[in-house]
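First up is the structure itself, then whatever we jot down about it.
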Amino acid sequence: MHPLRAELEIKYYGRSYFQWLSEQPNIRSIPFLLFIDDFGVHRNMYKALKAFYLTPAGLTYRERRYLDNSFTLTLGPYGAKMEDSIQVFKKEIWTLSQGIYVYLYGVRTVITASIIVFTGDMP
């Protein structure tokens, strides 16, 4: 039997993180979809680039299709390892998933932005 998602999150983040979150008066969460794409710069696709895009998960299918709603994280050059391309944005995504303090309309608020789905279009 597979463990529950909540059990995996507690194992990964630790109980103290969730206790800290529960003590915050104002919290907002922004879930994202991470889309990984392999595409060729030339017609024959011999040398493919790898692109990573973030899209807010709360959008409708129609809204997600607009280019304005996709944010390019990085382009991985031909021949680069997937791990090397991910290292470019890993620290920042981790920081956002842990939560940062911002002021929304003059109110101190914790914002968490985490990737909830990984999708891809690779040959």
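Readers should treat all values here as calculations from the given coordinates under stated rules, not as data from a laboratory. Computed from a predicted structure; not experimentally measured. Glycine also receives a Cβ, built like all others from the backbone with ideal geometry; neighbour counts cover every protein chain displayed.
Data table
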item: Two-site label geometry, Thr95 and Arg64: point separation in nm, points 7 Å out along Cα→Cβ; result: 2.8 nm
item: Note, ³J(HN,Hα) from phi for region 55-67, Karplus 6.51, -1.76, 1.60, rounded to Hz, x at Gly and Pro; result: 9, x, 6, x, 8, 6, 4, 4, 5, 5, 6, 5, 4
item: Region 24-121: translational diffusion in µm²/s, Stokes-Einstein, Kirkwood Rh over Cα pairs, 37 °C, 0.692 mPa s; result: 217 µm²/s
item: Reachable lysines from Lys50, criterion Cα separation under 18 angstrom, eight or more residues apart if same chain; result: Lys81, Lys90
item: Virtual spin-label span in nm between Asp121 and Met82, 7 Å along Cα→Cβ; result: 1.8 nm
